[in-house]
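Okay, structure first, notes after.
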Amino acid sequence: MGLLYQKRRLKANKIKRQIAANRANLQRLRILLSLIMIILISYFGIKALKLPQWYIDSNKLAKADPAVLKIQGNIITPNYKIINMVRQTQLPYTQIFRLDTSELENNIGQLQPVKKVYVRRYWFPARLVITIEERTPAFLLAPNLESEPNSALSSDGILIDHDYLPFSPNIKAKKLLTYGVRNGHDEVWDKKKVEEILKLTKAMEAYSGLIVKYIDIRNQKDVYIMLDNYLIRFGEINDSAISRAKRIASILPAAKKNTDKLKYIDLRWEDSCYLRLEGTTEVKPSENKLNENKSNNIETQEDKKQEKQNTEENKREENISNGNNPQ
């Protein structure tokens, strides 16, 4: 009985050792297969990463081939200026996902109308999409009405050269008359200065319901604004500019009745406004009279002379009646 038990135990141990050996062999096989798979994946991965589709074709990029380069969002900036910046940028020859585009973005950002630029990379095949965010043109600068604009001014005070003109008709920018030179130096523009003129323009249009055609700031102390068919002598753009602009609504009815002989509307003064007719002097209207009957805002030079003559005649008659000799 003991001998039979011993044989069964030896047989069971032998089976256990065989199972353990099989498991070890299976584990070794799995490790071997894993190593083979890693080697194959690495090999084919390296091969795949070396495929030409991962690299930007420099020749096609220089030619701005649509297969590798797309430009979007630019209305003012011509494509050729952006392409020139791309050609001037030395892009490293590397896979598209490792490509650093910061230098390209900085170079394109130097163009005057460009506010922001984004360069997006697309994989397989490798290609670039350049998205441009442009500045908003606020004014077209010209020395006089007869001349074509020679430059433009953006809403954030950046001067845009003649190279980018003319703009698309969809861009609504006001004409700004300026010589571009102040005291022998190029005129300096900044965001604050442009915002002041823009704010005044919007105020004039809002309170009048008319469109500003141009603004003449060649003399900063005596600014003129063409409001539809009405010339506004506005004076200096200062802290009282908006309050003076509000007065356009009250004087426009009188101006419309005298359109044929109106020279300009004078808004230079903070407490009153004038109508200047052809052949007349500037006369300050009474505020109360303006509210009662706006058509009576204008007193011609002949009326003043007649009133003066009547006054002198009355004095002369009084002197005669009193026995005095008229002077």
Restrict the check to region 219-228 and report whether at least one residue is in contact with a helix residue (DSSP H, G or I) (Cβ under 6 Å, 6 or more places away or on another chain) and more than 19 Å from residue 275 (Cβ to Cβ).
no
Does residue 142 meet the test of being more than 13 Å from the chain's Cα centre (by Cα), of a type in the set (Gly, Ala, Ser) and not assigned by TED's automatic domain parsing to the domain that holds residue 227?
yes
Residue 250: passes all of (1) free of Cβ contacts under 8 Å to residues at least 40 places away in the same chain; (2) in the same structural domain as residue 277 (by TED's automatic domain parsing); (3) surrounded by 13 or more Cβ atoms within 10 Å (Cβ to Cβ) but (1)
Note on region 60-100: residues among the small types (Gly, Ala, Ser) and either within 23 Å of residue 135 (Cα to Cα) or assigned to a strand (DSSP E or B) (or both) are 73
Looking at 124, 167 in this structure, which one is assigned by TED's automatic domain parsing to the domain that holds residue 71, modelled with pLDDT under 95, of a type in the set (A, V, I, L, M, F, W, C) and under 30 Å from residue 66 (Cα atoms)?
124
Qualifying positions in region 163-181 - surrounded by 12 or more Cβ atoms within 10 Å (Cβ to Cβ) and in a loop (DSSP other than H, G, I, E, B)
165, 167, 171, 173, 178, 179, 180
Does region 220-233 hold any residues that are surrounded by 12 or more Cβ atoms within 10 Å (Cβ to Cβ) and either among the charged types (D, E, K, R) or free of Cβ contacts under 8 Å to residues at least 12 places away in the same chain (or both), and which are they?
222, 228, 233
Residue check, residue 14 under 30 Å from residue 121 (Cα atoms), surrounded by 10 or more Cβ atoms within 10 Å (Cβ to Cβ), out of contact with any strand residue (DSSP E or B) (no Cβ under 8 Å at 6 or more places or on another chain) and not assigned by TED's automatic domain parsing to the domain that holds residue 126:
no
For region 238-269, what are the residues that are within 17 Å of residue 223 (Cβ to Cβ) and touching a strand residue (DSSP E or B) at 6+ places or on another chain (Cβ under 6 Å)?
263, 264, 265, 266, 267, 268
Consider residue 103 carefully, then state whether it is outside the structural domain of residue 197 (by TED's automatic domain parsing), more than 19 Å from the chain's Cα centre (by Cα), outside any strand (DSSP E or B) and within 30 Å of residue 215 (Cβ to Cβ).
no
Among the residues that make up region 182-192, is at least one of them touching a residue at least 12 places away in the same chain (Cβ under 8 Å), closer than 25 Å to residue 242 by Cα, among the β-branched types (Val, Ile, Thr) and outside any strand (DSSP E or B)?
no
Residues of region 194-219 that turn out to be closer than 27 Å to residue 183 by Cβ, in contact (Cβ under 8 Å) with a residue 24 or more places away in the chain and more than 20 Å from the chain's Cα centre (by Cα), as a count
3
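Here's the yes/no breakdown for (1) more than 30 Å from residue 53 (Cα to Cα); (2) touching a His at 6+ places or on another chain (Cβ under 7 Å); (3) crowded, with 19+ Cβ neighbours inside 10 Å; (4) of a type in the set (Asp, Glu):
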| site | (1), (2), (3), (4) |
| --- | --- |
| 95 | no, no, no, no |
| 108 | no, no, yes, no |
| 124 | no, no, no, no |
| 145 | yes, no, no, no |
For residue 171, are the conditions met, namely being in contact with a strand residue (DSSP E or B) (Cβ under 8 Å, 6 or more places away or on another chain), without any contact (Cβ under 8 Å) to a residue 40 or more places away in the chain and among the β-branched types (Val, Ile, Thr)?
no
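The values are calculated or read from the model by the stated rules, or taken from the named source; none is laboratory data. Everything quoted here is computed from the prediction, not taken from an experiment. Positions of Cβ are backbone-derived with ideal geometry, glycine not excepted, and every protein chain shown enters the neighbour counts.
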